[in-house]
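No lab work stands behind these numbers, since they all come straight from the coordinates. What you see is a predicted model, and the numbers here were worked out from it, not measured in a lab. Here the Cβ positions follow ideal geometry from the backbone for every residue, glycine too, while neighbour counts run over all protein chains shown.
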2 protein chains.
Amino acid sequence: MDKKTFIIKGDICYSESLDEIKTFENHYLVCEGGKIQGVFPEIPEKFSGVPTENFEGQLVIPGFTDLHLHAPQYAFRSVGMDEELLEWLQARAFPEEARYEDLEYADRAYGIFAEDMKRGATTRACMFGTLHPEATLLLMEKMEATGLVTFVGKVNMDRNSPDILRETKEESAKNTLRWLDGAKGKFKRTHPILTPRFIPSCSDGLMEELGRIRREYRLPVQSHLSENQGEIAWVRKLCPDASCYGDAYLRWGMLGGELPAIMAHCVYSGETERRLMRENGTFVAHCPQSNMNLASGIAPIRRYLEEGLRVGLGSDVAGGTTASMLRCVTDAISVSKLWWRLKDEDCRPLTVPEAFFLGTKGGGAFFGKAGSFEPGYEADILVLDESRIPWPGHFSLRERLERFLYLGDDRDVLHKYVAGERLF
Amino acid sequence: MDKKTFIIKGDICYSESLDEIKTFENHYLVCEGGKIQGVFPEIPEKFSGVPTENFEGQLVIPGFTDLHLHAPQYAFRSVGMDEELLEWLQARAFPEEARYEDLEYADRAYGIFAEDMKRGATTRACMFGTLHPEATLLLMEKMEATGLVTFVGKVNMDRNSPDILRETKEESAKNTLRWLDGAKGKFKRTHPILTPRFIPSCSDGLMEELGRIRREYRLPVQSHLSENQGEIAWVRKLCPDASCYGDAYLRWGMLGGELPAIMAHCVYSGETERRLMRENGTFVAHCPQSNMNLASGIAPIRRYLEEGLRVGLGSDVAGGTTASMLRCVTDAISVSKLWWRLKDEDCRPLTVPEAFFLGTKGGGAFFGKAGSFEPGYEADILVLDESRIPWPGHFSLRERLERFLYLGDDRDVLHKYVAGERLF
């Protein structure tokens with residue numbers, strides 16, 4: 001029997017839909033060949049010989065998907081948070097990213113990043129690298145070694161960027177191909193994703209080139225959309241013909257469609273933009289903490305969900321100060337409460353089941369069947385230890401999960417499985 | 001030489017004012033008899049024989065003051081956070097607090113609480129107990145044993161409360177005296193503070209009794225003020241003659257004056273209320289996380305500071321999910337950014353120096369000279385270990401402090417001193 005076939009006994013929680021968290025105390029989670037077979041009160045006859053791990057009394061939940069973060073920014077997360085987006089990009093993000101030309105620095109910085117990603121509650125992630133092909137390949141190697149399943153992108157940027165962090169259109173296209181060729185056949189669980197930084201950083205000519213590469217290599221894409229009012233005004237000037245910021249991506253085939261796309265933030269997406277995203281199946285990466293830290297605002301996520309948009313969560317390190325997806329889930333709830341209180345009384349706050357869904361199955365959908373324990377899903381499993389945060393009375397399993405989302409952290413992740421493979 | 005006379009070598013940061021964090025790399029912090037003598041590049045001649053602890057390369061900062069939290073709610077923090085204030089009080093807070101009549105339960109629950117308070121970054125705190133005199137004395141014993149300096153209050157409530165958690169006016173006054181007499185002369189660093197829960201819970205008759213007790217025993221007072229719109233409307237009905245919610249406290253002598261007062265929240269304090277607080281030297285306990293969790297709103301703290309109000313920070317467990325004052329400091333920054341972005345463009349966000357000041361010297365002022373390293377201040381000192389959160393490049397000391405505020409937690413507090421006494 002292969003190592004990816006096993007049974008876990010514990011207190012099991014997962015989402016099927018936004019409305020409800022399924023909870024099963026002292027049940028058996030059956031995994032066969034890396035795929036979930038189901039949750040059962042007793043071990044079914046047909047799985048009777050399967051090795052069983054007993055995590056009785058411990059929480060067992062699906063792993064989280066981080067739909068948006070910047071790996072090179074991890075090194076300076078939580079510094080310079082008094083600055084706003086465009087100022088912060090110039091003063092912090094760009095100079096720091098420029099350092100990744102130095103592979104020795106990249107090795108040190110990405111080493112710290114990968115180690116933390118491995119330890120935390122994230123099992124899948126989509127991340128930006130820098131514009132450097134070699135450093136991005138190095139990042140992919142490090143992510144591969146963690147055991148997480150990830151999409152990693154070499155960033156493209158040929159305008160409105162500092163001299164130390166800019167390519168020409170030609171270099172950008174050539175480096176992208178070099179990076180893609182370097183990654184080819186090399187990784188099992190680490191995939192390339194096309195990554196134009198955002199419209200202000202990419203000329204029309206570059207977007208056209210990237211569109212070609214995207215079609216040829218059949219790549220998904222990730223970028224930023226409608227994060228900040230200043231940015232939106234800027235895009236309006238740069239793309240006067242686009243009906244909205246999202247349209248500026250759409251015209252280069254970068255908003256989704258057959259090849260999926262993740263757009264981070266969408267704080268200020270208007271009606272047209274939301275329609276375009278719906279039509280193209282775009283994934284919205286909601287990054288609540290980053291939107292606070294950079295004073296961008298609050299994305300009205302309930303509206304997006306009501307309209308049928310696909311939504312997941314992103315830590316957006318280093319707009320977000322931490323890669324913790326537990327924090328990301330609870331921040332999504334917190335900011336939705338403020339939106340409701342301060343801006344729109346008709347837009348009810350997100351609930352714990354809704355935010356938990358977004359952090360697991362919502363973002364996991366970008367990877368196919370990930371982030372749930374329904375049969376056929378990838379076996380991304382966290383076994384969580386609550387002994388650091390004891391309580392004196394009684395809680396239901398549903399309450400224990402809520403409590404863990406707010407209070408748990410990386411030190412409480414006892415075991416982690418990704419696609420049936422145990423990482424620790 | 002007494003144990004409270006020592007020198008600490010390290011990377012020292014503290015606030016004197018809101019504007020600036022003083023930083024001294026590789027300096028000496030001199031403490032004599034529990035009081036700070038100053039920060040020096042070399043050990044001054046007159047202190048040459050004083051024992052020196054070498055924490056080179058480690059952050060050394062003042063301890064934090066938590067101006068507002070509910071000790072009995074610690075047991076159920078982070079559960080039921082989808083509810084709003086008044087609903088949450090009825091469904092969660094009141095039934096849980098009623099359990100503290102059972103001293104065995106209180107012992108277990110307060111034991112967990114005290115242990116966590118000891119380990120964290122808080123050196124001083126003002127907290128609510130329950131209405132039970134015995135359980136509140138037990139809480140005081142446990143806090144005394146931690147080494148923290150605290151004010152602890154037996155809660156008073158004789159109306160609009162469930163049967164399981166209500167006293168008559170007479171019982172409330174009698175139990176308050178019993179509690180005060182029980183605490184008399186018993187504690188070195190644990191002080192009683194008068195604690196009418198909030199206006200809706202206390203009849204006029206009870207407030208009158210408590211006013212008498214306050215004057216006789218010369219007690220400071222803590223309560224809640226203008227947290228939520230529903231609550232404010234309720235107080236308007238209950239006290240039709242009061243010019244504002246704050247005035248309803250003032251008329252019973254509970255807003256400060258000669259004997260200081262802490263009012264938690266002040267999210268919706270209007271002009272009159274702010275004037276009354278200024279005139280009475282009221283301490284505002286700003287509780288940003290609680291105000292998000294219970295969807296109360298955002299207190300425009302910069303305005304209050306500009307007007308000269310005294311402000312400190314409160315975790316408000318269990319409106320807040322955690323007692324971490326590091327989290328509280330950074331949450332104060334985060335919500336101020338949203339206030340600026342969503343509600344008032346003229347009210348600039350709080351900066352790292354401002355929020356750090358509020359968490360240390362701002363709230364510490366309630367205890368006299370606490371929360372800074374200026375000469376004459378109580379030696380409340382944290383030695384912080386950043387090794388769990390390594391970084392690949394170079395940061396200034398100021399940047400390291402910001403980073404620690406966002407990323408640090410209880411496991412990173414290496415040593416803690418309160419009033420010169422080393423707790424661990």
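Computed 3J(HN,Hα) for the stretch B:380-392, one whole-Hz value per residue from the Karplus formula 6.51 cos²θ - 1.76 cosθ + 1.60 where θ = phi - 60°, is 9, 10, 10, 9, 10, 10, 9, 5, 5, 10, x, 9, x, glycine and proline marked x.
Segment residue A:303..residue A:204, full-extension length gain: 32.5 nm, with 0.36 nm per residue of separation and the alpha-carbon distance subtracted. Measuring nothing but alpha carbons in chain A and taking Rh as the Kirkwood radius, the Rg to Rh ratio lands at 0.97. Directionally averaged projected area (the stretch A:159-262, Cα convex hull): 7.1 nm².
Only helices enter this figure: runs of n ≥ 4 DSSP H residues, each worth -39500 (n - 2.57), summed and divided by the residues of the protein assembly as shown, yield -10000 deg cm²/dmol at 222 nm to the nearest 500. At the listed q of 0.07, 0.09, 0.10 Å⁻¹, the Debye profile of the protein assembly as shown, built from one uniform point per Cα, gives log10 I(q)/I(0) equal to -0.55, -0.90, -1.09. Build a GNM of chain B with springs between Cα atoms under 10 Å apart, and of B:15, B:203, B:372 the one that fluctuates most is B:203.
Largest first and in whole Å, the equivalent-ellipsoid semi-axes of the stretch A:267-376 read 20, 18, 14, each the square root of five times a Cα gyration tensor eigenvalue. Within the listed set B:346, B:116, B:385, the Gaussian network model of chain B (springs between alpha-carbon atoms below 10 Å) gives the highest mean-square fluctuation for B:346.
When the Cα atoms of the stretch B:71-156 are aligned to their principal axes, the ranges along those axes come out at 35, 27, 21 Å in descending order. Restricting attention to chain B, close to 45% of DSSP beta bridges with both partner residues there are antiparallel.
Residues within the reach of a label modelled at residue B:243 (point 7 angstrom out along Cα to beta-carbon, backbone nitrogen below 20 Å), restricted to the stretch B:261-276, are B:261, B:263, B:266-276. The Cα-based radius of gyration and maximum Cα-Cα distance (Dmax) for the stretch A:375-424 are 12.7, 38 Å. Estimated from the Cβ-Cβ distance and a Förster radius of 22 angstrom, the FRET efficiency linking residue B:187 and residue B:103 is about 0.75. Within the straight-line cut-off of under 22 Å between alpha carbons, the lysines reachable from residue B:3 are B:35, B:46, B:118, B:188, B:369, B:416, sequence neighbours fewer than 8 places apart in one chain being disregarded. For chain A, modelled as a GNM whose springs connect Cα atoms under 10 angstrom apart, the maximal fluctuation among A:94, A:357, A:366 occurs at A:94. The rule of thumb for compact globular proteins, 2.2 N^0.38 Å, goes into the C-alpha radius of gyration of the stretch A:183-227 1.29 times.
Evaluated at q = 0.12, 0.19, 0.23 Å⁻¹, a Debye calculation over the C-alpha positions of the stretch B:185-319 (equal weights, vacuum) places log10 I(q)/I(0) at -0.44, -1.11, -1.53. Less than 5 angstrom separates the built amide H of residue B:38 from those of B:30, all sequence-distant by 5 or more or on a different chain. Our Cα-only numbers for the stretch A:66-117 put the radius of gyration and Dmax at 11.4, 30 Å. Using 7 Å Cα-to-Cβ label points, what is the residue A:236/residue A:177 separation (nm, one decimal)? Roughly 3.9 nm, to one decimal. Can you return the aspartates and glutamates within cross-link range of residue A:186? Criterion is Cα-Cα under 16 Å, with same-chain partners fewer than 8 residues away left out. Qualifying aspartates and glutamates at Cα under 16 Å: A:134, A:141, A:144.
Derived scalar couplings between HN and Hα for the stretch B:32-40 equal 10, x, x, 10, 5, 9, x, 10, 9 Hz in order, rounded to whole Hz, by the Karplus curve 6.51 cos²θ - 1.76 cosθ + 1.60 (θ = phi - 60°), x for Gly and Pro. The lysines within cross-link reach of residue A:174, meaning a Cα-to-Cα straight distance under 16 Å and a gap of 8 or more places when in the same chain, are A:154, A:184. Here the contact order of the stretch A:304-355, divided by its residue count and restricted to Cα pairs under 8 Å and six or more residues apart, works out to 24 percent.
For residue B:415, the shell of other residues with beta-carbons less than 15 Å away shows a net charge of -1, using +1 for Lys and Arg and -1 for Asp and Glu. Note on the protein assembly as shown: antiparallel DSSP beta bridges, both residues inside, total approximately 45 percent of the bridges counted. Multiplying the residue separation of residue B:164 and residue B:275 by 0.36 nm and subtracting their alpha-carbon distance yields 36.2 nm. Starting from a label point 7 Å past Cα on the Cβ side, list the distances from residue B:182 to the same position in the other copies, nm, shortest first. Spelled out, the distances from residue B:182's label point are 6.9 nm. With bins 5 Å wide beginning at 0, the percent of Cα pairs of the stretch B:1-134 falling in each bin runs 2, 9, 14, 14, 13, 10, 8, 10, 10, 7, 3, 1, 0. Return the Rg/Rh value of the stretch A:315-416, two decimal places, where both radii are evaluated on C-alpha atoms and Rh is the Kirkwood radius. Ratio value, two decimals: 0.99.
Report the calculated FRET efficiency for residue A:112 and residue B:56 (r = Cβ-Cβ distance, R0 = 35 Å), to the nearest 0.05. E(calc), rounded to 0.05, equals 0.95.
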